[in-house]
Amino acid sequence: MKKLFIKTYGCQMNVYDSARMADLLTPLGYALADGPEAADMVILNTCHIREKAADKVYSELGKLREMKEEKARTGDKMLIAVAGCVAQAEGAEIVKRQSAVDIVVGPQSYHRLPELIARISREKGHALDTDFPVEEKFDTLPEEIAVGGPTAFLTVQEGCDKFCTFCVVPYTRGAEYSRPVAQIEREARKLADKGVREITLLGQNVNAYSGDGADGEAWSLAKLIRKLAAIEGIDRIRYTTSHPRDMGDDLIAAHRDVEALMPYLHLPVQSGSNRILDAMNRQHTRDDYLRLVERIRAARPDIALSSDFIVGFPGETDEDFADTMALVREVGYASHFSFKYSPRPGTPAATQKQIPEEVKAARLEELQTLLFAQQRAFNTSCEGKTMDVLFEKKGRQAGQAIGRSPFLQPVHADHAGHLLGQIVPVKIESVFPNSLSARLLNVPCTAEAGS
Ligand code: 5AD
Ligand code: SF4
């Protein structure tokens, strides 16, 4: 067996892609290793969304080069591949900057990795593939799929046609593409057969999903979710990431009607200022977003909301930022991701006059203070409640297990080590900033017996 190490940066889509790359290389005799030291092949599956993410790749490549040279001294080889969005964005530049790299492969052409590996072993030099054959990719990825527990990601849609002025995704992942319904259903059934109870449907613009159904119609995400919810064994469904413009009535209704659809929605707003939303080309106003949240909450009152925010977008004034703070107060988020604006090469906003770094930092701190307080308040509101947890893995303490609540909060419980893969009602006993502690309903508070 040859050893393969994949390091994944960035979003959940990359996590899915890394798993599929491993599936693809398993038939070639590669088994996953825990670290790069002993690996015959290392893949960095990279992220280009912000400058920091992209920079990390080059420092990692420097370390890998040393390992590769060390191995060469003893006659061993190490193939180095750069995959993902940095590969797509920078292409041949990567081998110019770091000649130890053997393969550069984009997110839509990684199904050709076996070919690229064969080419490298035949010929000297580097192999590069940054085409966009997204349909071919999904048609040729192996049906065999490895699962790592009771939850799994399933990519249903890729790419983006929105062109927000800060974002590289439309350039690195390409135009919107939705996988056909039957292909997704097959993959979901395979996951369910292997014990997966919860699937998270992935797409850069997942709620713009419009995939071919067997009936010749284009299916919406809501229709797809209803179909997948009927699969025996699939008890929980989530999806991410959504755009406010594509939050259709049928998807909102699915949150009301489909029991398996979890009460958690990541719905990025980015900014609360109409002026900035317009400059970002978000194609909705602050009010559109607030009305949307009202409609979603009317359909599913207990839904936990989450969002992405960018502070310090070019031209953002104190008033614009105050609008973001006010929107956050008005909505009330259960969780969040927030970032300082990072100019990305090739995107329209990158060439505009930039906001000073200290202003960005101060705004981010103010915003995060509010958002973390909201997160704590949401977690505290769960104290004493009973909720279902899907236990995913063992905890650090003997007998402890860790899972997720319907609202995606990590929950740990004692005496639950035997419940991995099961959905179990628990009582939330105490609350931490990022997690909850719970007791199994059938275990008295003073229970000593472990499992
Ligand atoms: N700078 C900062 N944050 C960004 N994001 C996307 N592009 C940038 C950028 N240039 C954030 C957005 C997006 C999330 C995935 O990353 O908030 O929703
Ligand atoms: Fe990027 Fe905007 Fe598309 Fe999201 S909707 S991937 S932020 S361009």
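Results for (1) touching a residue at least 60 places away in the same chain (Cβ under 8 Å); (2) under 14 Å from the mean Cα position of the chain (by Cα); (3) closer than 29 Å to GLY403 by Cα, shown as yes or no for each residue.
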position	(1), (2), (3)
GLU158	yes, yes, yes
THR165	yes, no, no
ARG186	no, no, yes
LEU202	yes, yes, yes
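When you check GLU66 against the structure, is it at pLDDT 95 or above, more than 29 Å from CYS160 (Cα to Cα) and either surrounded by fewer than 13 Cβ atoms within 10 Å (Cβ to Cβ) or not assigned by TED's automatic domain parsing to the domain that holds LEU25 (or both), yes or no?
Here the answer is yes, as GLU66 does meet what is asked.
To keep it simple, each residue is scored yes or no on (1) β-branched (Val, Ile, Thr); (2) within 16 Å of ligand 1 (Cβ to nearest atom).
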{"residue": "LEU25", "(1), (2)": "no, no"}
{"residue": "ALA39", "(1), (2)": "no, no"}
{"residue": "CYS47", "(1), (2)": "no, yes"}
{"residue": "LYS56", "(1), (2)": "no, yes"}
{"residue": "LYS68", "(1), (2)": "no, no"}
{"residue": "ASP76", "(1), (2)": "no, no"}
{"residue": "VAL95", "(1), (2)": "yes, no"}
{"residue": "VAL101", "(1), (2)": "yes, no"}
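Among the conditions (1) more than 30 Å from TYR177 (Cβ to Cβ); (2) of a type in the set (A, V, I, L, M); (3) in contact (Cβ under 8 Å) with a residue 60 or more places away in the chain, the only one that LEU64 does not satisfy is (3). For the range 395-419, filtering for residues that are over 27 Å from GLY332 (Cα atoms) and either touching a strand residue (DSSP E or B) at 6+ places or on another chain (Cβ under 6 Å) or assigned to a loop (DSSP other than H, G, I, E, B) (or both) leaves 13.
One line per residue, one yes/no per condition, for (1) open to solvent by less than 30 Å² (accessible area, probe 1.4 Å); (2) within 29 Å of the chain's Cα centre (by Cα):
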| residue | (1), (2) |
| --- | --- |
| LYS77 | no, no |
| VAL82 | yes, yes |
| GLN98 | yes, yes |
| VAL101 | yes, yes |
| VAL105 | yes, yes |
| ARG112 | no, yes |
| LEU116 | yes, yes |
| SER121 | no, no |
| LEU128 | no, yes |
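Residues in the range 165-177 that are within 14 Å of ligand 1 (Cβ to nearest atom) and more than 16 Å from ALA89 (Cβ to Cβ): THR165 alone. In this entry, ASP323 passes the filter for residues that are in contact with a helix residue (DSSP H, G or I) (Cβ under 8 Å, 6 or more places away or on another chain), away from ligand 1 (no atom under 16 Å from the Cβ) and either of a type in the set (Asp, Glu) or assigned to a helix (DSSP H, G or I) (or both). What do you reckon, is LEU305 within 16 Å of ligand 1 (Cβ to nearest atom), of a type in the set (A, V, I, L, M, F, W, C), under 30 Å from HIS412 (Cβ atoms) and outside any helix (DSSP H, G or I)? Against the criterion (within 16 Å of ligand 1 (Cβ to nearest atom), of a type in the set (A, V, I, L, M, F, W, C), under 30 Å from HIS412 (Cβ atoms) and outside any helix (DSSP H, G or I)), LEU305 qualifies. Scanning the range 191-207 for residues that are within 15 Å of ligand 1 (Cβ to nearest atom) and among the hydrophobic types (A, V, I, L, M, F, W, C), we see that the one that is nearest to ASP246 (Cα to Cα) is VAL206. Contact map, the range 346-373: first residue of a type in the set (Asp, Glu), second residue not in a helix (DSSP H, G or I), Cβ cut-off under 6 Å, separation 6 or more or different chains; the map is empty.
Within the range 264-279, the set of residues being closer than 29 Å to ILE237 by Cβ and away from ligand 2 (no atom under 12 Å from the Cβ) comprises TYR264, LEU265. Take the conditions in contact (Cβ under 8 Å) with a residue 40 or more places away in the chain, open to solvent by 10 Å² or more (accessible area, probe 1.4 Å) and under 19 Å from GLU158 (Cα atoms) and apply them to ARG256. Does it pass? Taking the combined requirement at face value, the residue does not satisfy it. For GLU115, the requirement of being touching a residue at least 40 places away in the same chain (Cβ under 8 Å) and among the charged types (D, E, K, R) is not met.
The lone criterion from (1) open to solvent by 50 Å² or more (accessible area, probe 1.4 Å); (2) part of a loop (DSSP other than H, G, I, E, B) left unmet by GLU392 is number (2).
Restricting the range 207-237 to residues that are among the small types (Gly, Ala, Ser) and closer than 24 Å to PHE407 by Cβ leaves a set whose member that is least open to solvent (accessible area, probe 1.4 Å) is ALA222.
Hey, any hits in the range 165-174 for a residue that's touching a strand residue (DSSP E or B) at 6+ places or on another chain (Cβ under 9 Å), within 16 Å of ligand 2 (Cβ to nearest atom) and of a type in the set (S, T, N, Q)? No, the range 165-174 has no match at all. Looking only at the range 280-322, how many residues end up being within 16 Å of ligand 2 (Cβ to nearest atom) and under 20 Å from SER335 (Cα atoms)? Total meeting the criteria: 8.
Of the residues making up the range 267-285, those that are surrounded by 16 or more Cβ atoms within 10 Å (Cβ to Cβ) and within 16 Å of ligand 1 (Cβ to nearest atom) number 13. Going through (1) part of a loop (DSSP other than H, G, I, E, B); (2) touching a His at 6+ places or on another chain (Cβ under 9 Å) one by one, ALA438 falls short only on (1). Going by what's in this entry, would PHE321 be described as closer than 25 Å to ILE276 by Cα, open to solvent by 60 Å² or more (accessible area, probe 1.4 Å) and hydrophobic (A, V, I, L, M, F, W, C)? It is false that PHE321 is closer than 25 Å to ILE276 by Cα, open to solvent by 60 Å² or more (accessible area, probe 1.4 Å) and hydrophobic (A, V, I, L, M, F, W, C). Exactly one residue out of ASP40, ASP23 is acidic (Asp, Glu) and open to solvent by less than 20 Å² (accessible area, probe 1.4 Å): that is ASP23.
The values are calculated or read from the model by the stated rules, or taken from the named source; none is laboratory data. Not measured: the values here are computed from a predicted model. Here the Cβ is made from the backbone with ideal geometry for all residues, glycine too, and neighbour counts use every protein chain on show. For accessibility, only protein heavy atoms count, side chains too; no ligands or nucleic acids. Shrake-Rupley method; radii C 1.70, N 1.55, O 1.52, S 1.80 Å.
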